[in-house]
Amino acid sequence: MNKLSNCLSVLFIMLLTSAMSMGQKHEKQLSKAISKMSENIYYLTGNNGFGGVPKVWKYQEEIKKIATDEDLDSLARHCDIPAVKAMAFHTLVKKQSDRCYDIIVSSLADSSIFMMFTFDVGWSYNVASFFLDLACNDEDGTIFSDRQMFHLDSLILYTPGLRHINMTAPALRLSMLNDINVRMKELYYEGHQEILPVMLKSKNTEYIDMVISALREYHAGLDEQGRRRGREGATDMALTGIKGWTNEAFIPVLEEIRDHELSMRYINYYRVKILFKVVMAYDNDWAYNFIEDVFLNRGGNEKFSWPENLFRAFYEEKDNPRFKPLVDKYGKKPFDWSQTIDQ
């Protein structure tokens, strides 16, 4: 019996020693791979835009190969390199991990910055905003339940220091609550223009003057040549917010925006598209003439962006046939309209 006991003790010690050795090896490999991302860059693609594979991508793939879900959880919360946090959390989101909710809640105040690249295009991002973008706008659908998303929206609204307010889909229902609307208004005046599309879903008439003021910020950030040189105004966010909210009070400023864009050498592609969509919601002769005036004053073939954006706006709002003659006359038609109208 003593011999068996001794053998079991020896075997246990050997297994424990082996496990400790393997654990130390694992930690060493992971630490070495992480240290290679010290430049604080996260690549979303394995192509640098010139046909090559970025070194950072290779390091990312090495970490993913080595790291367990527990490792990724720890890295997303505590790593000193923000780009590694981003990579770790993104990997867990792709795995639809249950860990993501707790991680994102614990990271809402994380304002650390990293560089993110897609091919050869890069931009700076802060960790909290990146986590929110991933979790709330996942292309395969959000990984959170409605209950979690409502809770998350409440935290987003009341967490100080967030650089970007990214609300989830259920937040549109929150916009109907008066106390929440008060907080959204505060956030807007603190500089968070991105809150407008959620805030204006309530179609609260108390906001009309504020909306008109926001719509009139179309000159903000432009130099004398009309090129982007500074922080953009709230015009685009306000247009997005009033899509579907028709009000005669908005008509004069919508015409101002149209005339401004017609006068510009450099056209705001997104703004032209959303402007058409906002106007189409009025579904009357004024809306029809508004859009046609664009082409009568600009010329249908002078700038591709105008007809292309008319097409895109109409295609997304194709339930209304009123504007089809305009698309046929001025818009680019890469599809068979007789089929798309009925779909």
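The charge dipole of the range 32-146, taken about its Cα centre with unit charges on the Cβ atoms of Lys, Arg (+1), Asp and Glu (-1) only, comes to about 500 debye. Cross-link pairs exceeding 22 Å between alpha carbons, from the set K95/K201; K185/K318; K277/K329; K28/K55; K28/K94; K94/K243: K95/K201; K185/K318; K28/K94; K94/K243.
Prolate is the label for the range 32-146. Its Cα gyration tensor axes, ordered a ≥ b ≥ c, give a/c of at least 1.5 and a/b above b/c. Whole-Hz Karplus values for the range 276-286 come out as 4, 5, 4, 5, 4, 5, 6, 6, 8, 5, 4 Hz, taken residue by residue from phi with 6.51 cos²θ - 1.76 cosθ + 1.60 and θ = phi - 60°; glycine and proline positions read x. For Y43, the residues whose modelled amide H falls within less than 5 Å of its own, excluding neighbours fewer than 5 places apart on the same chain, are F117. A protection proxy built from the mean count of other Cβ atoms within 10 Å ranks the segments 33-42, 242-251, 125-134, most packed first, as 125-134, 33-42, 242-251. Assuming charge only on the beta carbon of Lys and Arg (+1) and of Asp and Glu (-1), the dipole of the range 40-101 about its Cα centre is about 220 debye to the nearest 20.
Bear in mind these aren't lab numbers, they're just calculated from the coordinates by the rules spelled out. Treat the numbers as computed from the prediction; the structure is a model and nothing was measured. Cβ sites come from the backbone with ideal geometry, for glycine too, and all protein chains shown count toward neighbours.
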